[in-house]
Amino acid sequence: MKIVIADDHAIVRSGFSMILNFQPDMEVIATAADGIEAYAAVARTHPDILIMDLSMPPGESGLIATGKIKEDYPDTKILILTMHDDEEYLFHILKSGASGYVLKNAPDEELLLAIRTIHAGGTYIHPKMATSLVREFIKNDKSSAGSEDPFELLSKRELEILPLIAKGYGNKEVAEKLFISVKTVEAHKAKIMEKLNLKNRPELVEYALRKKLLDF
């Protein structure tokens, strides 16, 4: 199995690389420190597995990067690393295209099992969360019958801009980070506020926290 590891902590990348390279059926062929590097590494190496941390630098949410990578490189299976184990968060992880998730405090054996499970075509979910996932799926399925989640209406660019604005970056800083014009940022910001029915920045920050787009 060819594997890419994406995590913003060098010590985590090194530790995971040692564990995986020790396995006879696994090889870490690249590492990445954020979502942009993860996308570039997948494009360059076409790995079987991408291990993706969700809590990475501003504007490079692993959840957003996962959606982009799965759309452009569907053959690469993605295993999410996260500190969160609540039902709604897990539901969003799987909807983004990931094949499973492992908590960061899980033992090495669970990580290896998860990698082998998704490589074989399965989905890895911790057993204790399986019932919760089904319950969350049913809840979302029922709610979608009557109304659409405004979050689903956001474009890819708006999903990039939202966490940056929520973290306090100004329009000019967001424009520089995403290589777009200030006017484009302002236009997207207005659309975000309108789609999500938000009136000010505090409401936007609260929304981003609720959707776990931020990690302070």
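Say whether the condition of being surrounded by fewer than 17 Cβ atoms within 10 Å (Cβ to Cβ), at pLDDT below 60 and farther than 15 Å from residue 95 by Cβ is met by at least one residue in region 166-174. The answer is no; no qualifying residue exists.
Here residue 32 passes the criteria (1) touching a helix residue (DSSP H, G or I) at 6+ places or on another chain (Cβ under 6 Å); (2) free of Cβ contacts under 8 Å to residues at least 12 places away in the same chain; (3) among the small types (Gly, Ala, Ser) except the one numbered (2). Assess whether residue 8 counts as being touching a Pro at 6+ places or on another chain (Cβ under 8 Å), farther than 15 Å from residue 119 by Cα and in contact (Cβ under 8 Å) with a residue 40 or more places away in the chain. Criteria met by residue 8. Looking across region 101-115, the residues that are assigned to a helix (DSSP H, G or I) and surrounded by 16 or more Cβ atoms within 10 Å (Cβ to Cβ) come down to 111, 112, 114, 115. Reported count of residues in region 11-24, each being over 19 Å from the mean Cα position of the chain (by Cα) and in contact (Cβ under 8 Å) with a residue 60 or more places away in the chain, is 3. When residue 98 is tested against (1) over 16 Å from residue 16 (Cβ atoms); (2) at pLDDT 75 or above; (3) surrounded by fewer than 17 Cβ atoms within 10 Å (Cβ to Cβ), only condition (3) is not met.
Residues being over 22 Å from residue 63 (Cβ atoms) and in a loop (DSSP other than H, G, I, E, B): count how many of those fall in region 163-176. Spell out how you get there, then give the answer.
Taking region 163-176 and keeping what is over 22 Å from residue 63 (Cβ atoms), we get 170-172, 175-176.
This time we only want the ones that are in a loop (DSSP other than H, G, I, E, B), so: 170.
Number of matching residues: 1.
So how many residues does region 188-216 have that are at pLDDT below 90 and among the small types (Gly, Ala, Ser)? The total comes to 1.
If a residue must be basic (Lys, Arg) and outside any helix (DSSP H, G or I), how many such residues does region 1-45 contain? Steps first, please.
Applying the first criterion (basic (Lys, Arg)) to region 1-45 yields 2, 13, 44.
So of that shortlist, the ones also outside any helix (DSSP H, G or I) come out as 2.
The number of residues fulfilling the criteria is 1.
Assess whether residue 160 counts as being modelled with pLDDT under 90, part of a helix (DSSP H, G or I), under 17 Å from the mean Cα position of the chain (by Cα) and surrounded by fewer than 15 Cβ atoms within 10 Å (Cβ to Cβ). Outline the logic, then answer.
Details: modelled with pLDDT under 90: yes; part of a helix (DSSP H, G or I): yes; under 17 Å from the mean Cα position of the chain (by Cα): yes; surrounded by fewer than 15 Cβ atoms within 10 Å (Cβ to Cβ): no.
Against the criterion (modelled with pLDDT under 90, part of a helix (DSSP H, G or I), under 17 Å from the mean Cα position of the chain (by Cα) and surrounded by fewer than 15 Cβ atoms within 10 Å (Cβ to Cβ)), residue 160 does not qualify.
Looking across region 177-216, just one residue is hydrophobic (A, V, I, L, M, F, W, C), touching a residue at least 60 places away in the same chain (Cβ under 8 Å) and either assigned to a loop (DSSP other than H, G, I, E, B) or more than 19 Å from residue 56 (Cβ to Cβ) (or both), and that is 213. Quick check: is even one residue across region 66-82 at pLDDT below 85, among the hydrophobic types (A, V, I, L, M, F, W, C) and closer than 26 Å to residue 167 by Cα? Taking every residue of region 66-82 in turn, none turns out to be at pLDDT below 85, among the hydrophobic types (A, V, I, L, M, F, W, C) and closer than 26 Å to residue 167 by Cα. Could you figure out which of (1) surrounded by 13 or more Cβ atoms within 10 Å (Cβ to Cβ); (2) farther than 19 Å from residue 118 by Cα; (3) more than 15 Å from the chain's Cα centre (by Cα) isn't true of residue 32? Tallying (1) surrounded by 13 or more Cβ atoms within 10 Å (Cβ to Cβ); (2) farther than 19 Å from residue 118 by Cα; (3) more than 15 Å from the chain's Cα centre (by Cα), residue 32 fails exactly one: (3).
In the condition set (1) touching an Asp or Glu at 6+ places or on another chain (Cβ under 7 Å); (2) modelled with pLDDT of 90 or more, residue 185 is compliant with all but (1). Of all residues in region 10-34, exactly one satisfies the criterion of being among the β-branched types (Val, Ile, Thr) and within 23 Å of residue 177 (Cβ to Cβ), namely 31.
The values are calculated or read from the model by the stated rules, or taken from the named source; none is laboratory data. What you see is a predicted model; the values in this text were computed from it and never measured. Ideal geometry is used to build each Cβ from the backbone, glycine not excepted, and the neighbour counts take in all protein chains shown.
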